[in-house]
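Notes for the one structure printed next.
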Amino acid sequence: MNFNQLKVFCLVAEVKSFSKAAKLAHLTQPAISSQIQSLESTLGATLFTRTSTGVYLTDAGQVAHHYIKKMLLIQEELNDQLRLHDQYLP
């Protein structure tokens with residue numbers, strides 16, 4: 001699991017579409033699918049219900065989304081603090 005996968009997960013959850021997320025992230029749809037599958041494998045849970053009209057968070061996906069948003073916020077706060085202390089490598 002890496003932060004790119006977590007960001008992709010949140011983007012897909014927000015736009016409810018792998019193809020829309022791919023366009024927004026400037027990635028291919030198979031790359032988005034691969035990142036989500038890898039994250040699902042790591043977490044041992046199906047995060048999305050896939051339908052012909054889009055994707056929707058499963059119950060496990062809703063729990064994951066709650067915590068992943070917190071993780072990404074903490075990462076952002078950490079980066080901000082490191083920048084303040086001149087210890088950040090861009």
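The values are calculated or read from the model by the stated rules, or taken from the named source; none is laboratory data. All figures in this text were calculated on a predicted structure; none of them were measured in a lab. So basically every Cβ, Gly included, is an ideal-geometry build from the backbone, and we count neighbours across all protein chains shown.
Before moving on, here are some points about what is shown:
- Number of residues in the range 71-82 that are closer than 19 Å to LYS7 by Cβ and free of Cβ contacts under 8 Å to residues at least 12 places away in the same chain equals 8.
- Helices (runs of 4 or more DSSP H) contained entirely in the chain, each with at least 1 residues that are over 12 Å from the mean Cα position of the chain (by Cα), surrounded by fewer than 17 Cβ atoms within 10 Å (Cβ to Cβ) and modelled with pLDDT under 95: 59-84
- Every pair of residues 6+ apart whose Cβ atoms lie under 6 Å, when the first sits in the range 2-24 and is free of Cβ contacts under 8 Å to residues at least 12 places away in the same chain and closer than 13 Å to THR53 by Cα while the second is surrounded by 15 or more Cβ atoms within 10 Å (Cβ to Cβ) and among the small types (Gly, Ala, Ser): VAL15/ALA21
- Pairs with Cβ under 9 Å, 6+ apart, first in the range 47-70 and within 21 Å of ASN2 (Cβ to Cβ) and touching a residue at least 60 places away in the same chain (Cβ under 8 Å), second polar (S, T, N, Q) and buried (at least 18 other Cβ atoms within 10 Å of the Cβ): none
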